[in-house]
Amino acid sequence: MSEQIPLHDLGFDQRVERDLNNPALRTNFREAMDFLMDKRSSSFTDDVKLQELRTLGASIRKRALSKLPDLLEQLEAKLKENGIRVHWAESSEEANQTVLDIAQHHGAKTMIKGKSMVSEETELNEFLEKKGIHPVEADMGEYILQLAEEKPSHIVMPAIHKSKEAIAELFEQNLDDCEYTENVDALIQAARKELRKQFHSADIGLTGVNFMVAETGSLVLVENEGNGRLATTVPKVHIAMTGIEKVIEHLDDLPPLLTLLTNSATGQPITTYVNMISSPRKGDEGGPEEVHLVLLDNGRTIPFADEEMRQTLQCIRCAACMNHCPVYTRLGGHAYGTTYPGPIGSILSPHLLGLEATKDLPSASSLCGACSEVCPVKIPIPDLLRRLRHEGVRKLKKDEDPVIRGHGAKYTHTEKAAWGSWSKLYSSPALYRTFALSATLLRGLTPSKMKGWTDYRTSPKPASKSLHSLVKNYRKEQEQSRNKEAGGSQ
Amino acid sequence: MSDLFVNAMPDQTGSDEPRKCLAPEPRAYPEKPEKVYLYGTCLVDLLQPEAGLDALKLLEQEGIDVVFPDKQTCCGQPAYTSGYDDEARAVARMQMEVMAENYPVVVLSGSCGGMMHHHYPSMFKGLPEENHAKKFADRVFEFTEFLVHVLNYQPEDKGEPQTVAVHTSCSARREMNVHKTGWQLIDSLKNVARKVHDHEFECCGFGGSFCVRYPDISGAMVNDKVKAITDIEPDRLISADYACLMNINGALDFQGHELKGTHIASYLWERTSMQSEGESNV
């Protein structure tokens, strides 16, 4: 795996070609996604209740987003009251710099990390390494990827693309006293032993956040391995890092969202650990002396400004859309080339990175709607993909405010002209009839090679008569037989 | 819902009501009408016109006066899903114009039905035609939906025993919520056994322009679909969407399979109009 060409050196089409033609990857993802789909559906057994819960989840997230600026202010005030320091970051660079400043202030050399997709988004590890601070990923999946020098391919199961055998090799090469074994428990124990040392020696713990409760100033973090619990309690300093959209209004909003999140993600009624962090250590009760929250915008305010696109920010990162996506299932996460892959990635990444860098993503979908069908907060992902396609092929009018960076990134004169002609043809019945007639008359001339289509299929041939003509003939026959009957009865 | 969540009921959901996306509310159905428009769809028109004629005959047999507007063309979906809204609207306007009377519009595809029923209202949102589009959308019905829910159609199966694999289009399933009506119709044929195939709920990979823009992804999807279908060795493959059939049939043929999918309108006509032995051919 490690001799692969770095992902960023390949275009989307090349990445697709590489990963589609990797049979091991195809099988691994199909099996893993089937497993996750089954887990989800076996935990949501009552469809009526599920739909009620999804409606509730969507309305909680919509309500929070409709008050986002106010809730963020309230959150900041509450957190400060609780003794948690709040830092705002407009960009990845700012967020990374903030983390570095805190670390340097404490003379930190090592950092133990719970799982944080936002830190993947800002490429925090790479940044810190350059500055002489060594981060260690403590989530098992992330730990594997750090050793393998790879990126997550899934937002909940980051190393889902790695086989047991590959992990065994990796551990054998990288861990002290770890012999090659395909015993999963033994592998986990080996990593656990190594990570335990890191937890005790790390100067700083850094984690992501699943929800922030404005009303109480609490940071909520769910996980199954206990690395989040340790990273937020053992080191002297805890830095939490997340996107501004993760805020919810009330503590009462939390239980339904947690239920939706864990059941949608892994089919669990609740995760093994639910951490609610409300303040730094008080007296002797343990916990970090300092807690910091870094709140990242990094383009999120762009979809926030548009009523339709804003729904993108409702996401609670359960990854059910990925697990159910027929495209993701066949490509895996790396082909997307973005931190967040799959359907949610294809509607979020264009806002974070601009449409020029992500112009293929909204189009690389059959709009089958499996994603929206399972989305716990009812994000209309296909509608948003289509909207992004629209923004990608149109140019801004004069004085029009952009709704995304990179309007018209996919615009070409040729395609615009083609759809113009198409529209003329199909909105003019007379033209269409001529077209249909010639298509059926010239059916013998149908090209047997249509680029792309004929690599997998034979080409369809126009019928000898269109439905329009068949109906006309049929009506004529009906009339004739009616006339005949009428004639016969006279 | 658990009582635990009562306190979380929204007091304000924000201004932006979600656009009706998927799993729509169950809709109300009209009484059996005298007249309907039959919307053949552009693919059936040019590639599988027999399906359209069979649908027309079947509806007439049920006592419906079928109007087939000669000026119908395409629902506009190809341009719409490619992001060309103006171009799609021009075509959509024409369809609404040629089917202006207050008759139900029976559409031979869940995908085009979904476009008209589900997307026309949002496509014309904020434009003068908005209301018109909504009213039009309300009288659009997918073919199997119309047969089951409006006509309460009970086919009399005259065919030999057969096993059938059904492919339901994603739009029928998720936009129109009518996948069950297709199954229901097949299940109501007494000599037909419906067999379920692996990952039946999954997209066949057509996706309109997707299949030519990303041919290899689409190809991987249709290959898996063909394998799942041929693995259960059905006598017939039936779908209510010709677009999916064009895709699946193309791949079946490419791989040398004899199986060829049939539109459900043709299949129902075939099963019900068959004349049993000894019956006079009048």
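Numbers below:
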{"read-out": "Enumeration of residues in the stretch A:221-254 that are within 14 Å of another protein chain (Cβ to nearest Cβ) and farther than 24 Å from A:GLY299 by Cβ", "value": "A:HIS250, A:LEU251, A:ASP252, A:ASP253, A:LEU254"}
{"read-out": "Residue list for the stretch A:278-298, restricted to those being on the phi > 0 side of the Ramachandran plot and either at pLDDT below 95 or part of a helix (DSSP H, G or I) (or both)", "value": "A:GLY283, A:GLY286, A:GLY287"}
{"read-out": "Top-ranked residue in the stretch A:167-185 [being hydrophobic (A, V, I, L, M, F, W, C) and modelled with pLDDT under 95; ranked as nearest to A:ASN323 (Cα to Cα)]", "value": "A:VAL184"}
{"read-out": "The stretch A:14-38: number of residues that are surrounded by fewer than 17 Cβ atoms within 10 Å (Cβ to Cβ) and assigned to a helix (DSSP H, G or I)", "value": "10"}
{"read-out": "Residue, nearest to B:LEU43 (Cα to Cα), within the stretch B:71-120, restricted to residues that are of a type in the set (Gly, Ala, Ser) and assigned to a loop (DSSP other than H, G, I, E, B)", "value": "B:SER109"}
{"read-out": "Qualifying residues in the stretch A:39-69 (those that are free of Cβ contacts under 8 Å to residues at least 60 places away in the same chain and away from chain B (no Cβ under 12 Å)) - the one surrounded by the fewest Cβ atoms within 10 Å (Cβ to Cβ)", "value": "A:THR45"}
{"read-out": "Criterion (among the β-branched types (Val, Ile, Thr) and in contact with a Gly (Cβ under 9 Å, 6 or more places away or on another chain)) met by exactly one of A:THR181, A:THR233", "value": "A:THR233"}
{"read-out": "Residue in the stretch B:50-65 that is touching a Phe, Trp or Tyr at 6+ places or on another chain (Cβ under 8 Å) and over 21 Å from B:SER273 (Cβ atoms) present", "value": "no"}
{"read-out": "Helices (runs of 4 or more DSSP H) completely within the stretch A:387-490 that count 1 or more residues being within 7 Å of chain B (Cβ to nearest Cβ) and within 30 Å of A:THR312 (Cβ to Cβ)", "value": "A:413-426"}
{"read-out": "Residue match in the stretch B:223-233 (condition: more than 8 Å from chain A (Cβ to nearest Cβ), part of a loop (DSSP other than H, G, I, E, B) and over 18 Å from B:SER266 (Cβ atoms))", "value": "yes"}
{"read-out": "Whichever residue in the stretch A:342-376 is touching a Cys at 6+ places or on another chain (Cβ under 7 Å) and outside any helix (DSSP H, G or I) and, among such residues, is nearest to B:TYR84 (Cα to Cα)", "value": "A:SER366"}
{"read-out": "When residues of the stretch B:22-61 are limited to those that are in a loop (DSSP other than H, G, I, E, B) and within 20 Å of A:SER438 (Cβ to Cβ), the one nearest to the other protein chains (Cβ to nearest Cβ)", "value": "B:GLY40"}
{"read-out": "Check on B:GLU175, within 14 Å of another protein chain (Cβ to nearest Cβ), charged (D, E, K, R) and free of Cβ contacts under 8 Å to residues at least 60 places away in the same chain", "value": "no"}
{"read-out": "Qualifying residues in the stretch B:62-90 (those that are surrounded by 24 or more Cβ atoms within 10 Å (Cβ to Cβ) and of a type in the set (Gly, Ala, Ser)) - the one nearest to the other protein chains (Cβ to nearest Cβ)", "value": "B:GLY83"}
{"read-out": "Matching option when the condition is more than 26 Å from A:MET322 (Cβ to Cβ), surrounded by fewer than 17 Cβ atoms within 10 Å (Cβ to Cβ) and in contact with a helix residue (DSSP H, G or I) (Cβ under 6 Å, 6 or more places away or on another chain), among B:LYS180, B:LYS134", "value": "B:LYS134"}
{"read-out": "Residue count for the stretch A:453-484, restricted to those that are touching a Lys or Arg at 6+ places or on another chain (Cβ under 8 Å) and under 30 Å from B:VAL222 (Cβ atoms)", "value": "6"}
{"read-out": "Residue check, A:ASP284 free of Cβ contacts under 8 Å to residues at least 12 places away in the same chain and either crowded, with 23+ Cβ neighbours inside 10 Å or acidic (Asp, Glu) (or both)", "value": "yes"}
{"read-out": "Filtered residue count, the stretch A:41-91, keeping only those that are of a type in the set (Val, Ile, Thr) and modelled with pLDDT of 95 or more", "value": "4"}
{"read-out": "Cβ pairs under 9 Å, 6+ apart, first in the stretch A:98-127 and touching a residue at least 12 places away in the same chain (Cβ under 8 Å), second among the aromatic types (Phe, Trp, Tyr) and outside any strand (DSSP E or B)", "value": "A:VAL99/A:PHE127; A:LEU100/A:PHE127; A:ILE112/A:PHE199; A:MET117/A:TYR340; A:GLU120/A:TYR340; A:GLU121/A:TYR340"}
{"read-out": "Top-ranked residue of the stretch A:303-313 - restricted to ones that are more than 11 Å from chain B (Cβ to nearest Cβ) and surrounded by 20 or more Cβ atoms within 10 Å (Cβ to Cβ), ranked as modelled with the lowest pLDDT", "value": "A:PRO303"}
{"read-out": "Among the residues listed as B:GLU145, B:GLU156, B:GLU160, B:GLU129, the single one being over 10 Å from the mean Cα position of the chain (by Cα), farther than 25 Å from A:ILE379 by Cα, buried (at least 17 other Cβ atoms within 10 Å of the Cβ) and not hydrophobic (A, V, I, L, M, F, W, C)", "value": "B:GLU129"}
{"read-out": "Yes/no for A:ALA32 being over 27 Å from A:ILE316 (Cβ atoms) and more than 12 Å from chain B (Cβ to nearest Cβ)", "value": "no"}
{"read-out": "Strands (runs of 3 or more DSSP E) wholly inside the stretch B:124-211 containing at least 3 residues that are aliphatic (A, V, I, L, M)", "value": "B:162-167"}
{"read-out": "Verdict on B:LYS190 being under 26 Å from A:ALA335 (Cα atoms) and either away from chain A (no Cβ under 11 Å) or not aliphatic (A, V, I, L, M) (or both)", "value": "no"}
{"read-out": "Identity of the residue in the stretch B:204-217, within 22 Å of A:LYS359 (Cβ to Cβ) and more than 7 Å from every other protein chain (Cβ to nearest Cβ), that ends up modelled with the highest pLDDT", "value": "B:GLY208"}
{"read-out": "Hits in the stretch A:314-335 (condition: farther than 20 Å from A:ASN210 by Cα and in contact (Cβ under 8 Å) with a residue 40 or more places away in the chain)", "value": "A:HIS324, A:CYS325, A:PRO326, A:TYR328, A:THR329, A:ARG330, A:LEU331, A:GLY332, A:GLY333, A:HIS334, A:ALA335"}
{"read-out": "In the stretch A:152-179, the residues that are in a loop (DSSP other than H, G, I, E, B) and among the β-branched types (Val, Ile, Thr)", "value": "A:ILE155, A:VAL156, A:ILE160"}
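Residue-by-condition table, conditions (1) crowded, with 24+ Cβ neighbours inside 10 Å; (2) in the same structural domain as A:ASN298 (by TED's automatic domain parsing); (3) among the aliphatic types (A, V, I, L, M); (4) assigned to a helix (DSSP H, G or I):
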{"residue": "A:VAL220", "(1), (2), (3), (4)": "no, yes, yes, no"}
{"residue": "A:GLY228", "(1), (2), (3), (4)": "yes, yes, no, yes"}
{"residue": "A:PRO235", "(1), (2), (3), (4)": "yes, yes, no, no"}
{"residue": "A:ILE239", "(1), (2), (3), (4)": "yes, yes, yes, no"}
{"residue": "A:THR242", "(1), (2), (3), (4)": "yes, yes, no, no"}
{"residue": "A:PRO255", "(1), (2), (3), (4)": "no, yes, no, yes"}
{"residue": "A:PRO269", "(1), (2), (3), (4)": "no, yes, no, no"}
{"residue": "A:MET276", "(1), (2), (3), (4)": "no, yes, yes, no"}
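The values are calculated or read from the model by the stated rules, or taken from the named source; none is laboratory data. It should be emphasised that the depicted structure is a prediction, and the values quoted were computed from it without experimental measurement. Methodologically, a virtual Cβ is constructed for each residue, glycine included, from the backbone with ideal geometry; neighbour enumeration extends over all protein chains shown.
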